Amino acid sequence: RPLYPAQRRATMAATALIDELQSDERQTSKAALSILADTVANSFGMDAAALASALRQSGSMHVLVASMGDADPEVQSCAVSMVGNLLSSSFDANARQSLDLFAQAGGLPVLQAKLTAECPLNLFAAAALQNVTALDPEGCCATLREQGCDAVLTGLAQSQDEQVCMYATGALANLRAYDPAPPEDPALEEMLRMRRLRDIVEAMQSKKATGK
């Protein structure tokens with residue numbers, strides 16, 4: 001399908017930024033990461049899919065995983081928030097391909113480690129993990145359970161920050177839903193049950209608001 005002029009210009013600009021992201025010059029790479037993170041956050045539909053594809057083809061997932069472990073908290077936040085969007089099926093229908101590359105680059109343990117960071121980094125990490133566990137309920141979920149991610153998420157689910165709690169609970173629900181032998185935890189099950197009820201109520205309210 002041919003690109004419209006505006007889409008072609010956007011693709012060319014994104015390609016230039018991706019090249020700069022992989023630059024050996026730290027300031028150049030850092031600036032490109034910041035702009036790309038904002039671009040990803042504000043991209044939708046075909047633009048989002050094209051951007052995600054370009055990032056995959058360029059091998060940029062390794063750069064993003066490395067940036068998640070950078071000493072600069074700003075670089076970490078940009079990378080984790082960007083990864084969270086790229087690993088969402090609502091952002092890109094081919095997000096599973098991005099997840100495969102992310103896992104191959106060693107991203108899962110790095111992402112899990114960010115759950116214990118200060119906000120907003122732990123928020124971005126919890127949101128990203130909710131997407132990861134939804135995209136790959138078998139492979140990645142099994143790996144995360146082996147890494148003890150469910151225990152870390154259980155702690156975050158008690159957070160006073162409503163958004164952190166919401167994403168952590170969502171990721172936990174996905175981990176337990178596909179666990180062949182989930183450990184008994186009545187308190188956690190009740191927490192997840194309330195989360196499911198809230199999701200149902202919000203979905204019903206959304207349908208009423210849109211008249212569907």
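Miscellaneous remarks
- From phi via Karplus (6.51, -1.76, 1.60), per-residue ³J(HN,Hα) for region 108-114 in Hz, x at Gly/Pro: 4, x, 5, 5, 4, 4, 6
- Pairwise FRET efficiency - GLN158 versus ALA41, Cβ, R0 = 22 Å, nearest 0.05: 0.20
- Euclidean distance of C-alpha centroids, region 165-186 and region 60-127, integer Å: 20
- In order along region 128-136, phi translates into HN-Hα couplings of 5, 5, 4, 5, 4, 5, 7, 6, 10 Hz, rounded to whole numbers, per the Karplus curve 6.51 cos²θ - 1.76 cosθ + 1.60 with θ = phi - 60° and x for Gly and Pro.
- The GluC sites (Glu not before Pro) of region 71-169 that DSSP puts in a loop, and whose beta carbon has at most 14 other beta carbons within 10 Å, are GLU118, GLU138.
- Taken one residue at a time, the phi angles of region 16-23 give Karplus couplings (6.51, -1.76, 1.60, θ = phi - 60°) of 5, 5, 5, 4, 5, 4, 8, 5 Hz. Gly and Pro are set to x.
Since every read-out is calculated from the coordinates, none of them should be taken as a lab result. Bear in mind the structure is a predicted one, so any value in this text is a computation, not a measurement. All Cβ positions, even for glycine, are placed from backbone atoms using ideal geometry, and neighbour counts span all protein chains on display.
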